[in-house]
Amino acid sequence: MNLLGVELNNKEAVFVLMNSEGGMFNVKETRTRGIELRDAENAPGIQAFFSIFKKMVEDYKVDTIAIKQRPMRGKFSGSANSFKMEAAIQLIENVKVEMVNNKEIKETLKQNPLEYTMKDLELRQFQESAFNTAYSFALRND
């Protein structure tokens, strides 16, 4: 399974691409580590984000996208822009899009601690949440 773990923030979708088979994980290199949502107030900006993200999904033959779920209310709630990006991602055809909540991620990491750092995996620190999302989803579905 080619799996894309995604964390959405106010301005971009940060992601990690991994291949998962039989409990074995292989982090793959991508041409970029995130896609920015520019001009979120107008349809052309959201359409551009959708097109770029869709092209990346097609190029890397992604089967499943696992998005870290954000609360809709409260202190740590997701921004309006993050929900716009989520909707655009969910509209991509021929790919399964799943949400992974923070509680599940924490529980998975507690039960299956990582033996590697982000540096060992050649990932940047800001990609850790996206990696943890993909890792948790892969363990749940392998």
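The values are calculated or read from the model by the stated rules, or taken from the named source; none is laboratory data. Keep in mind that what you see is a predicted model, and the values were worked out from it rather than measured. Please note: Cβ atoms are built from the backbone with ideal geometry, for glycine as well, and neighbour counts cover all protein chains shown.
Here are a few things to note about the model shown:
- Considering residues of the range 90-142 that are under 13 Å from the mean Cα position of the chain (by Cα) and of a type in the set (Asp, Glu) only, the residue nearest to residue 25 (Cα to Cα): 128
- Within the range 5-26, considering residues that are within 15 Å of residue 121 (Cα to Cα) and in contact (Cβ under 8 Å) with a residue 12 or more places away in the chain, the one surrounded by the fewest Cβ atoms within 10 Å (Cβ to Cβ): 19
For every residue, the table says whether it meets (1) touching a Pro at 6+ places or on another chain (Cβ under 9 Å); (2) part of a loop (DSSP other than H, G, I, E, B); (3) more than 11 Å from residue 89 (Cβ to Cβ).
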{"residue": "4", "(1), (2), (3)": "no, no, no"}
{"residue": "10", "(1), (2), (3)": "no, yes, yes"}
{"residue": "18", "(1), (2), (3)": "no, no, yes"}
{"residue": "31", "(1), (2), (3)": "no, yes, yes"}
{"residue": "41", "(1), (2), (3)": "no, yes, yes"}
{"residue": "51", "(1), (2), (3)": "no, no, yes"}
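- Applying the criterion of being surrounded by 12 or more Cβ atoms within 10 Å (Cβ to Cβ) and out of contact with any strand residue (DSSP E or B) (no Cβ under 7 Å at 6 or more places or on another chain) to the residues of the range 117-134, the residue that is modelled with the lowest pLDDT is 118.
- Single match in 93, 58, 29 (criterion: closer than 23 Å to residue 141 by Cα, surrounded by fewer than 17 Cβ atoms within 10 Å (Cβ to Cβ) and touching a residue at least 24 places away in the same chain (Cβ under 8 Å)): 29
- Set 106, 96: member being touching a strand residue (DSSP E or B) at 6+ places or on another chain (Cβ under 7 Å), of a type in the set (Lys, Arg) and either on the phi > 0 side of the Ramachandran plot or modelled with pLDDT of 95 or more (or both): 96
- Of all residues in the range 104-130, those that are more than 14 Å from residue 66 (Cα to Cα) and touching a residue at least 60 places away in the same chain (Cβ under 8 Å) have Cβ atoms under 9 Å from Cβ atoms of residues that are charged (D, E, K, R) and not in a helix (DSSP H, G or I), 6 or more apart or on another chain, in 122/29; 123/33; 124/33; 126/7; 126/33.
- The one condition in (1) of a type in the set (A, V, I, L, M, F, W, C); (2) in contact (Cβ under 8 Å) with a residue 24 or more places away in the chain; (3) surrounded by fewer than 17 Cβ atoms within 10 Å (Cβ to Cβ) that residue 100 fails to fulfil: (3)
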